[in-house]
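Okay, so here's the structure we're looking at.
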Amino acid sequence: MKKESILQHEKENLFPQKKTLLPVEIAPGFQAVDLALYVPADDCLILGDLQLGLEEHYNNQGIFLPRFNFKEVKEHLHALFAEKKHVSHIFLNGDIKHGFGNASNQEWREVIQLLELLSEHADKITIIKGNHDIAIEPIARFAKVKLEKKGVLLEHSHAYVCHGHEIPNDEAYDHAHTVIIGHDHPAIELQDGATKQKYKCFLAGNYERKRIIVLPSFNFAAPGSDPREGALSPFLQGKLDHFRAWLVEDNVYDFGLLERLN
Amino acid sequence: MITRLTQKFPEKEVYASLHPLLGGYFQHHFKGFTEPQLYSIVSVHRRDNILISAPTGTGKTLSAFAAVLSELMHLSDVGQLEDKVYAVYVSPLRALSNDIEKNLKAPLEEVQKAAAKLGKEYPIRVGVRTGDTPQNERAAMLKKPPHILITTPETLAIMLTAPKFSLAMKETRWIIVDEIHAIASGKRGTMLALSMESLQRLSPAITRIGLSATVAPLDEIANYLVGNETKGSSRPCKVVDVSHIKQMDMKVLSPLPDLINTTQKKMDKAVYELLDDLIGNHRSTLIFTNTRAATERVVHHLKEKFPSKYEGFIGAHHSSLSREHRLHVEDNLKTGKYKVCVSSTSLELGIDIGYIDLVILLGSPKGVARALQRIGRAGHKLHDVVKGRIVVLDRDDLVECGVLLKNAIEKNIDRVHVPKNALDVLAQHIIGMVVNDPRKIEEVYEEVTHAYPYETLSRTDFNAIIDYLSGHYAGLEVRHVYAKVWIDEATGMMGKRGKMARMLYMTNLGTIPDEAKVKVKIGEHVIGTFDEAFMDRLKKGDRFALGGNTMEFQFARGMTVQAKASAGVPTIPSWVSEMLPLSYDLALEIQKFRKLMQEKFRLKKSKKEILTFIDSYLYVDKNAANAIYEYFYQQFRFAEIPHHGSVLLEVVKEEGMTNFVFHTLFGRRVNDALSRAYAYALGRMIHQDVDILLGDNGFALRFGGKASPEKLISLVHSWEFEKILEIALRTSEVLRRRFRHCATRAFMILRTYMGRTKSVGRQQMSSRLLLSAVMRMDENFPILREARREVLEDLMDMTHAKEIITAIEQGMIKVDITHLDTFSPFAFNLIAQGHYDLVKLEDRLSFIKRMHEKVMQHVNETDAQL
């Protein structure tokens, strides 16, 4: 007689390896694929805060965080590019590297490698400067990518892509219908009786009269945080109940309005 | 080989073993030797390893030191007293170190006086070295090492790695460990055991002496003291057990004859009147409570109710008070200025507090050994009768303390738990082992496995730690950043990495985790703080009391908690993180008593017969016996008396919630494991949140909706038990917190680095990142495994919990499932826990009374039907 095991539905570990990369539309014209945003009208891929070099930054403070973020970032990117081999433009939306000062060894190495990898799959790469990217110019110059200090308006979708740590002082922003930001690393914690787990997510809502999309951070070291528990971006200081969340794990899942989550 | 010394040495022989001038001191001052001294002095003289278990005030210090002083005097006589450390004394408390220094200076001064008359002198140096010792003193010690060095476990570890100072310890003859019962049961003791092996390597002929209060099992503590010769075979050690030599006068007192049909006001009044009465009849009293908050409360209320008697004559003593304050209180006790001192656990260890003629325990001390250790603080002089009174506060307390007293009188002491195979402490210590010179890896393994806590350390685990220390979890190009040691497989050698290795080791050494208070905010306002440990059980929606208000937990960011004001009763009592767990052994004894009572009721014995039985079995007075009878009677009429061999699972629906109350009387540590496993299984069954109410006598699972208790029981299998707990704990606060502690001990987080020290908040945030990274990388990472082990074996008691699950599976423990309309009397205290708060004590008792009335109604109805 086979005894039923309470563990039979339990995953082997908390972090599943297999991913199905079905794009999910989170707003008309904007698709979430894994942790990246794809805009078909402009054929561009947007990645949020990568924070490469995070581990070295902690090492310098005597915290021996193992180096694993970049490996996972590459794995996720390879899976993405296996599905879609080429795009016109890739945007790295701020906080590419972690540290505040001059680029460290790890940052230098990893950012170069990343840009080399990305350039195989895109015609153009633009880095939009985030608040952590203080000394990003040397890297950008070296790898021959474009560095944007404020933000970029996407031609066809009229979306303005910027980091989100400040409201942009840019006419292009004023004309945009949609704003795409990073910076807040949104993640929502779910509880299922016995377990609690935090999942990175996309958020879509409104800010003034524009639609706003918040990207999850594209890194695996920091789990992210619930913006309702203290959002950083000036775009997210109001009530967030009307925002809708899409949680990302092996797929992108629509969880509906925030006001109904917890 | 551990052997009991059952024969004292005749006085003549003891005198013969001592230097005549020292013998003269004993003769003159004490007219002879105390009991422990008659056993130990000759043994120490003969260089036998020895563990002496004796109460305070029985001459323990000199029973260890007499032979040491004697030998130093002989060496001086023949001009061979050199500038090196002959004896090291280690105690867990800096305050104790200062006391011991004084205790040694007294006989030394007397001896010097007598010697001066003969034209001789004995330049024997006693020195204290702790974390407080200023640099100039340390430098002086290097030039002229003390012959007797008094220190703490941490400073000992540092000195052992000091290239110059350690030379002074190459021929140390004795190491004396005081309060060994207290130190062995934590990771500090684990580290000390390893340090003792390092010292033994430096000085192979060393003799080990342990001084202990009442503790069990004595043989295990002896083994801890001396370590192992070879695998599974202890080094030789003699054990002297004179813990019973002081006469004990112990009683259990109930403030009121009826602990349930009363009001909180009447109860309080009775408690304080009783305390006042006891204090008034004695010269000096020491009161032990179980929490710091209770300590403050008792002092406050006594001063308030009887200002003329207590204002200026009473002091509080606990770990949250400043050191100056505590010293002030200790001094006042010693000089007799204070008539009474109230303490939580801080005065358990033997700091000299002068003459105490009564010890009161307010509420159950939760263990026989602890009760005896606390009561043993009374009657500081040898022939005093040790007087202790346990004042009980509710019916469970009454039963618990009744059984406790019986076991104390019959010398049935509950066993202590010594943590085994702590991988984080091992990692730290190995760094210390190679911080000066490289060593053969094989030898390192051999040395650490001599230490008792590592006698079963597997080669696999050892290798895992070596891999961790050599940075194997990092890629080759960056390994140099993560590695603390280098290993050379070809030569089998390992050594330190980096020029800063010794500095890092010294500034980060230690096993005691930094603790800080968590700030509680409503919006931007800080309302108050609580212990970090309180977070272990807190989840969103839980209500807790702070500063007289009830709050609801929203979320936590670092060391700050966001809450909102709430009406309603707290769901988690505020003292929960401080509460001592009922010892497993004592819990089993209470179960035995319950079984006997169940039998008597089942056989329809008369009240008179049962009262006679209680009277003969327990050592309580008539009122107490009567109260116990009534309590059991009500439980029996209502449900069943859960006992050894049967677990009562009562199912009660109340206020729209279903409660599964498990009457598992095994103590909190076991119940913590059981409750989490069952809560996990239940949560999986119903896909909902399950609240856990945890106690010593059982636990309750509370949830909305329905579930089958039979199915729940059948789902928790013994062969998966550990795995279930692992998964249940994966995302828990308690694991996160313990992981931080382990990561810091294993130097994965360096508290002090590049001259900067991290705040606890900083340590906490980085450890969360570290934990999630480690979990992604390797769930079997040794530091993560150690955090789990610490939670499951040291904090909880998974071993016994698993035994219970197995017994349930095999039918040796029956689970009786009963559906009731209201809670049974034995469940009251568990369910009323949230009402247990300091401020809302009114609510608690009125809640219990309300339930009690329902029970009595039912009991009376059933009685009427008979």
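The values are calculated or read from the model by the stated rules, or taken from the named source; none is laboratory data. For clarity, every value in this text was computed on a predicted model and none was experimentally measured. Here the Cβ positions follow ideal geometry from the backbone for every residue, glycine too, while neighbour counts run over all protein chains shown. We work out accessible area using only protein heavy atoms, side chains counted, and drop any ligands, DNA or RNA first. Shrake-Rupley method; radii C 1.70, N 1.55, O 1.52, S 1.80 Å.
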Rank-order B:822-831, B:577-586 by packing density, defined as the average count of other C-beta atoms within 10 Å over each peptide's residues, highest first. B:822-831, B:577-586
Debye calculation, C-alpha points only, no solvent: report log10 I(q)/I(0) for the stretch B:1-69 at q = 0.25 Å⁻¹, in the same order as the q values. -1.20
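Counting only other chains, what is the mean number of Cβ atoms within 10 angstrom of the Cβ of each residue in peptide B:613-624?
On the way: counts 0, 0, 0, 0, 0, 0, 0, 0, 0, 0, 0, 0.
What the average comes to for B:613-624 is 0.
Given the C-alpha atoms of the stretch B:538-653, compute the convex hull and give its volume per residue in Å³.
Values: hull volume 21.3 nm³, N = 116.
About 184 Å³ per residue, rounded to a whole number.
On the protein heavy atoms, probe 1.4 angstrom, tell me the percent of accessible surface of the stretch B:338-466 carried by carbon and sulfur.
Working: 1720 of 3530 Å².
Its accessible area is 49 percent carbon and sulfur atoms.
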Calculated over the stretch B:20-132: convex hull of Cα atoms, volume per residue (Å³): 121
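Provide a whole-number value for the mean count of partner chain Cβ atoms within 10 Å of the Cβ atoms in peptide A:65-77.
Working: counts 10, 14, 10, 8, 2, 0, 2, 1, 0, 0, 0, 0, 0.
Other-chain Cβ atoms within 10 Å of each residue's Cβ, averaged: 4.
All other residues with a Cβ under 11 Å from the Cβ of B:ASN659 taken together, and with Lys, Arg as +1 and Asp, Glu as -1, what is their net charge?
Numbers: positive: B:LYS653, B:ARG702; negative: B:GLU650, B:GLU654, B:GLU655, B:ASP691.
Every neighbour counted, the sum reads -2.
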Is there a quick way to get the dipole size of the protein assembly as shown? I mean about its Cα centre, with the Cβ of Lys and Arg at +1 and of Asp and Glu at -1; what is the value in debye to the nearest 20? 2280
Sorted by chain and number, the residues with a modelled amide H under 5 Å from that of A:GLU189, at a separation of 5 or more or across chains, are A:TYR199
Could you run the Karplus curve 6.51 cos²θ - 1.76 cosθ + 1.60 with θ = phi - 60° over the stretch B:480-485 and give me ³J(HN,Hα) per residue in whole Hz, x for Gly and Pro? 4, 6, 8, 7, 9, 9
Charge tally in the Cβ shell below 11 Å around B:ILE206, where Lys, Arg are +1 and Asp, Glu are -1, B:ILE206 excluded: +4
Simple spin-label model, 7 Å along Cα-to-Cβ: B:LEU75 to B:ASN549 in nm? 6.4
Calculate log10 I(q)/I(0) of the stretch A:32-130 for q = 0.14, 0.15, 0.24 Å⁻¹, where I(q) comes from the Debye formula with a single equal point scatterer on each Cα and nothing for solvent. -0.52, -0.60, -1.34
How do the peptides A:72-83, B:719-730 rank, highest first, by the average count of neighbouring beta carbon atoms within 10 Å per residue? B:719-730, A:72-83
Hey, with R₀ at 35 Å, roughly what FRET efficiency would B:HIS687 and B:GLU599 work out to, going by the Cβ-Cβ distance, to 0.05? 0.25
The protein assembly as shown accessible area per residue, 1.4 Å probe, protein heavy atoms, integer Å², reads 40
Taking θ = phi - 60°, what integer Hz values does the Karplus form 6.51 cos²θ - 1.76 cosθ + 1.60 yield along the stretch A:183-189, in sequence order, with x for Gly and Pro? 6, 8, 6, x, 8, 10, 9
For the pairs A:LYS146/A:LYS210; A:LYS97/B:LYS499; B:LYS12/B:LYS251; B:LYS269/B:LYS366, flag any whose C-alpha to C-alpha distance is greater than 32 Å. B:LYS12/B:LYS251
Averaged over all directions, how much area does the convex hull of the C-alpha atoms of the stretch B:276-353 cover when projected, in nm²? 4.7
Tell me, what ³J(HN,Hα) does each residue in the stretch B:154-160 have, in order and in whole Hz, if you take phi through Karplus 6.51 cos²θ - 1.76 cosθ + 1.60 with θ = phi - 60° and put x for Gly and Pro? 5, 5, 4, 4, 5, 5, 5
Label-point gap, in nm, between B:HIS29 and B:SER616 - each point 7 angstrom along Cα→Cβ: 5.1
Evaluate the Kirkwood expression for the hydrodynamic radius of the protein assembly as shown, namely the inverse of the mean inverse distance over all pairs of different C-alpha atoms, and round to one decimal in Å. 32.9
Which Rg and Dmax, in Å, describe the Cα atoms of the stretch A:163-232? 14.1, 50
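Please compute the average number of Cβ atoms from other chains found within 10 Å of each residue's Cβ in peptide B:680-688.
Details: counts 6, 4, 3, 6, 9, 3, 1, 3, 4.
That works out to 4 on average.
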Could you name the lysines in cross-link range of B:LYS608, using Cα to Cα under 16 Å and dropping any fewer than eight places away on the same chain? B:LYS600, B:LYS622
Let me check the size of chain B from its C-alpha atoms; what are the radius of gyration and Dmax in Å? 28.4, 94
May I ask which residue of B:VAL252, B:GLY227, B:LEU199 lies farthest towards the positive end of the charge dipole of the stretch B:194-260, with charges of +1 (Lys, Arg) and -1 (Asp, Glu) on Cβ and the Cα centre as origin? B:LEU199
At q = 0.10, 0.15, 0.17, 0.24 Å⁻¹, what log₁₀ I(q)/I(0) does a Debye calculation on the Cα points of the stretch B:310-401 give, no solvent, two decimals? -0.27, -0.60, -0.76, -1.30
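I want to verify the translational diffusion coefficient of chain A in µm²/s; compute it with Stokes-Einstein, Rh as the Kirkwood radius over Cα pairs, at 25 °C and 0.890 mPa s.
129
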Label-to-label distance, nm, for residues given as B:GLU273 and B:GLU110 (7 Å Cα→Cβ offset): 4.9
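Per-residue ellipticity at 222 nm for chain B, helices alone: DSSP H runs ≥ 4 residues times -39500 (n - 2.57), over residue total, nearest 500 deg cm²/dmol? Don't jump to the answer; show the numbers that get you there.
Values: 33 runs with 396 residues, N = 866.
Value at 222 nm, helices only, nearest 500: -14000 deg cm²/dmol.
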Give the long-range amide H neighbours of A:LEU52: residues separated by 5 or more places, or on another chain, with amide H under 5 Å away, using H modelled in the peptide plane at 1.01 Å from N. A:LYS97, A:HIS98
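Quote the Stokes-Einstein diffusion coefficient, in whole µm² s⁻¹, for the stretch B:731-832, based on the Kirkwood radius over alpha carbon pairs, a temperature of 20 °C and a viscosity of 1.002 mPa s.
On the way: Rh = 16.9 Å.
Result for D is 127 µm²/s.
Is the shape of the stretch B:55-99 best called rounded, prolate or oblate, per the rule: a/c under 1.5 gives rounded, else a/b larger than b/c gives prolate, else oblate, with a ≥ b ≥ c the square roots of the Cα gyration tensor eigenvalues?
Working: a/c = 3.83, a/b = 1.75, b/c = 2.19.
Here the stretch B:55-99 falls in the oblate category.
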Summing -39500 (n - 2.57) over every DSSP H run of at least 4 in chain A, dividing by its residue total and rounding to the nearest 500, the 222 nm mean residue ellipticity is -5500 deg cm²/dmol
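Determine, for each peptide in B:764-773, A:241-250, B:369-378, the mean count of other beta carbons within 10 angstrom over its residues, then list the peptides with the highest first. Walk me through the numbers on the way to the answer.
Details: B:764-773: 20.9, A:241-250: 18.3, B:369-378: 25.1.
Averaged packing, sorted descending, gives the order B:369-378, B:764-773, A:241-250.
Can you give the net charge of the other residues whose Cβ lies under 12 Å from the Cβ of A:GLN61, counting K and R as +1 and D and E as -1?
Working: positive: B:ARG751, B:ARG756, B:LYS758, B:ARG762; negative: A:GLU55, A:GLU56.
Here the count lands on +2.
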In Å, what is the Rg of the alpha-carbon atoms in the stretch A:139-262, and how long is Dmax? 15.6, 51
Which pairs break 25 Å Cα to Cα here: B:LYS8/B:LYS387; B:LYS113/B:LYS337; B:LYS540/B:LYS653? B:LYS8/B:LYS387; B:LYS113/B:LYS337
Just want the answer: with Cβ charges of +1 for Lys and Arg and -1 for Asp and Glu, which residue in B:ASN103, B:TYR680, B:SER824 is farthest toward the dipole's positive end in chain B? B:ASN103
I'd like the accessible area for A:ILE167: 1.4 Å probe, protein heavy atoms, all chains in place, Å² to the nearest 10. 70
Which FRET efficiency, nearest 0.05, do B:LEU118 and B:ARG283 yield, Cβ-Cβ r, R0 45 Å? 0.60
Report, in cubic angstrom per residue, the convex hull volume of the C-alpha atoms of the stretch B:438-494. 84
Per the rule of 0.36 nm per residue minus the C-alpha distance, extending A:LYS84 to A:GLU116 adds in nm 9.8 nm
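Assuming R0 = 56 Å, what is the FRET efficiency of A:LEU21 and B:HIS525, from their Cβ-Cβ distance, to the nearest 0.05?
On the way: r = 46 Å, r/R0 = 0.83.
E between A:LEU21 and B:HIS525, to the nearest 0.05, is 0.75.
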